[in-house]
Amino acid sequence: MYSELGVTGLGMSSVAVTVLVCVLAYLLGNISPSILIGKAKGIDIRKEGSGNPGTTNTLRVMGKKAAVVVLLVDILKGTLAVVLAGVLFGQTMAMYCTLLVFCGHVWPVLFGMRGGKGVATAFGALTGLYPPLGLGCLAVVVIAVALTRYVSFGSIFGALAAPVLSFFLIRPFLPYAAIMACIVIWRHRSNIVRLVHHEESKLSFHSAGKKEAEKDEAE
């Protein structure tokens, strides 16, 4: 999608620029709207509901409006990091930043390395890298959630779809997609156990803060 561009005219070596851009992408991923909105409301989202600072837990703890904001910001930060890297520095840098903005969300140094599961940010980043890849993964997630009402089930299958689709659509990205898929699945390991034992809660749009909230949701 992006042309390879040389790093020129910046007064810095290509290695220094690469490191700087990658660090900035990681730090952009650190932005956690669920934690920030929660603090504004006097809530520590990491101590409520499932304890996960993601869209689903935000929906259950703080309601639909907050959840929409969290979802959009998590998606857009992934897209922004990758598109800027791709436009300014080319395809290889865009692939680096796809992985790093995702890792910044999952392990944010600014919030004690306690981030979300990265599904929304991964979607934004993959779409920024190559839209058919991101939209293909989204289609898998939507179909799986629509059929089962398990957000975690959809997220896991969306993660599995990423390397498969990468193989056919943007093969150089395949190793990065495989790493991201492994991280998402690992972050959902407790959900997998509950799915196996039929103990996972289904997606609900009931009022925020219900006690039957899913213990460890997908975002």
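Just so it is clear, none of the values below were taken in a lab; they were calculated from the coordinates. Since this is a predicted model, take the numbers as computed values, not measurements. When we count neighbours, we look across all protein chains shown, and the Cβ atoms used for this are built from the backbone with ideal geometry, even at glycine.
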*asked:* From the P(r) of region 95-145, could you give the percentage of C-alpha pairs in the tail past 15 Å?
replied: 48 percent
*Volume of the Cα convex hull of region 1-151, divided per residue and given in Å³*: 104 Å³
*Separation in nanometres of the label points that stand 7 Å from Cα toward Cβ, at Arg189 and Thr92*: 3.4 nm
*Taking the mean number of other Cβ atoms within 10 Å as a proxy for protection, how do you rank 74-85, 114-125, 157-168 from highest to lowest?*
114-125, 74-85, 157-168
*In Å, what Rg and Dmax follow from the Cα atoms of region 1-83?*
17.1, 50
_Full-extension gain in nm, Leu169 to Val19, via 0.36 nm per residue minus C-alpha separation_ = 51.3 nm
*asked:* Here is the link list: Lys77/Lys117; Lys47/Lys77; Lys41/Lys117; Lys41/Lys64; Lys39/Lys64; Lys41/Lys77. Which ones come out longer than 19 Å on Cα distance?
replied: Lys47/Lys77; Lys41/Lys117; Lys41/Lys77
*On Cα atoms only, tilt of 14-30 relative to the major axis of the chain in degrees*: 20 degrees
*Hey, could you pull the Cα Rg and Dmax for region 100-200, both in Å?*
13.4, 39
_Taking the number of other C-beta atoms within 10 Å as the exposure measure, put Glu48, Glu4 in order starting with the fewest._
Glu4, Glu48
*Put a dot 7 Å past each Cα toward the Cβ at Ser3 and Val142; how far apart are the dots in nm?*
3.3 nm
*Return the calculated 222 nm mean residue ellipticity for the chain, to the nearest 500 deg cm²/dmol, obtained by summing -39500 (n - 2.57) across DSSP H runs with n ≥ 4 and dividing by the residue count.*
-21500 deg cm²/dmol
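Could you tell me the ratio Rg/Rh of region 36-104? Both radii from Cα atoms, Rh via Kirkwood.
A ratio of 1.12.
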*What angle, in degrees between 0 and 90 and rounded to the nearest 10, separates the Cα long axis of helix 119-129 from the longest principal axis of the Cα atoms of the chain?*
30 degrees
*Each label point is 7 Å from the Cα along the Cα-to-Cβ direction; what then is the distance between the points at Lys39 and Lys202, in nm?*
3.8 nm
*Cα axis of helix 151-169 to longest principal axis of the chain: angle in degrees, 0 to 90, nearest 10?*
20 degrees
